[in-house]
1. If I fit a long axis through the Cα atoms of helix B:95-106 and take the longest principal axis of the Cα atoms of chain B, what angle between them do I get, 0 to 90°, rounded to 10?
2. Residues with amide H under 5 Å of residue B:16's amide H, sequence separation 5 or more or different chain, H placed in the peptide plane at 1.01 Å from N; which?
3. So how tilted is helix A:128-166 from the main axis of chain A? Cα-based, degrees 0 to 90, rounded to 10.
4. Could you tell me how many degrees, from 0 to 90 and to the nearest 10, lie between the Cα long axis of helix A:185-210 and the main elongation axis, the longest principal axis, of the Cα atoms of chain A?
5. What is the Rg over Rh value, at two decimals, for chain A, using alpha-carbon atoms and the Kirkwood definition of Rh?
6. What do you get for GluC sites (Glu not before Pro) in the range A:43-126 restricted to DSSP loop and a cutoff of at most 13 other Cβ within 10 Å of the site's Cβ?
7. Could you pull out every residue, at least 5 positions away or on a different chain, whose amide H is within less than 5 Å of the one on residue B:82? Hs are placed 1.01 Å off N in the peptide plane, and Pro or chain starts have none.
8. Rg (Å, one decimal) plus Dmax (Å, integer) for the alpha carbons of the protein assembly as shown?
Amino acid sequence: MIKFLTELGRYFLMLKKVFSIPEKPALYYKQTMHELVYLGFNSIGIITIISFFMGAVITLQTAYNTENPIYPTYLIGLGCRDSIILEFSSTITALILAGKVGSNIASEIGTMRVTEQIDALEMMGVNSTSYLILPKIIATLLFNPFLTLISISVGILGGWIAGTLAGVVTSEDFIYGIQYAFIPYYITYSMIKTLFFAFIISSVSAFQGYFVEGGSLEVGRASTKAVVYSSLLILLFNVILTQLLLS
Amino acid sequence: MIRVLNLDKSFNAKKVLDNVSVTFEPGKTNLIIGRSGSGKTVLLKSIVGLHEPDSGEVWFEDILFNNLDFNSKKEIRKQMGMLFQGSALFDSLTVEQNVRFPLDMFTSKSMQEKTDRVNFCLNRVNIINANKLFPSELSGGMKKRVAIARAISLNPKYLFCDEPNSGLDPLTAILIDELIKELTEEYSMTTIVNTHDMNSVMEIGEKIVFINEGLICWEGSKHEILNSDCEILNDFVFANALAKQLKSSGK
């Protein structure tokens, strides 16, 4: 328990340093642009592929589980839309990004720690915590909502293609279903969750990397811890946010 | 001048520095020598503030450095350059960007002025036509020289070198030693070098401090070191067979 509280305290102290005034805002801007490409843009591919198949499977499973004449087939489209917007695109995307981006952040910062690059920054008088972590947090906060929107769009597209190709729903019914009883607040809910998850992924992973001690073995461990802790926190906050935002 | 007074540092109840007091002379190449694990790196990192000492004082001229807050330390750090054991060049930046980094961060010079300064520093350490290369494309000796160029880019008053010769062949090691000595004289810097390489000691050591198990055991010049009556120091200095033979034959 004491170890947990110590780590928690260290995490919040790190955040305090992260959000201090930058030495040279222009350099931070440049670094943020770099991270937007590195952490955000480079994740579009994997998010697109996973979301497409996710949407396809959701549609097929909904169709096979509602094979009853009393259910209108447009419900397949509606089920696909709501499942993707409410849960899959924000949470599953976040879990995937925790694996891809989280391990990336932890290993990059961890390697800089064990090769004394962070010491070199500190030695120059640079606030290394802020210089290395703030651009990553800003980049994920800016880009992850965009990734979630891509995921929602591609997921629904995947559902439509799989549903019509498998013959479980007509194109007209599916499109009618995704428009039926649409609640715009669900998108807001999904975006709020995405922002929380983006902050968890970048800050927790950076924390794991920043305080690595040892060598390459410890960097690997930090990377694994970053993914595990980020994922657990995402699941925990998913429950809390759902209760707060939908109740 | 850098003064260290009664410095203590422990890690997990293991005392690494024990009441260390030493003065490093200005405009000279000061060497900290000792066996691996004797506390050299911890002493150096405690001086520059990368380790927080448990107790004791570190003075840069008449400023008590280890009591300053982050922003005040930053001002002193702008006058410091450091060469790390593994060079610590930023992997994601090219040679040119690495040397330009302190200039980008702390000066408001124009791009042309910064480029001129970078080229001057790289030429000074004999790095030619490598501006666009990444650290992974450089040899060990080149990395050290680029790290020295980065360390001197802001015209520092103090230069710290942590085992500058580790992992280098003897000829490259001598070149690095000579470069450190020349730069120290050229810029009138106070230089502190951590080493366990006796060639470096005899090549560039103006003031030498011998540390053993966290304690300062001996201080003197390179001329005095060969005639010291400190037994632990003699074991260290005359560790190899050739040195032992020369000592026993009185040469």
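1. 80
2. B:9, B:10, B:11
3. Tilt of helix A:128-166: around 20 degrees.
4. Relative to chain A, helix A:185-210 is tipped by roughly 30 degrees.
5. Ratio of gyration radius to Kirkwood radius: 1.07.
6. Passing both the DSSP loop test and the Cβ count: A:67.
7. Here the answer is B:160, since their amide H atoms fall under 5 Å of that of residue B:82.
8. Both quantities, over Cα of the protein assembly as shown: 29.3, 107 Å.
Values in this text are rule-based calculations from the coordinates and carry no lab data. These numbers come from a predicted model, not from an experiment. FYI the Cβ positions are ideal-geometry reconstructions off the backbone, even for glycines, and counts take in every protein chain you see.
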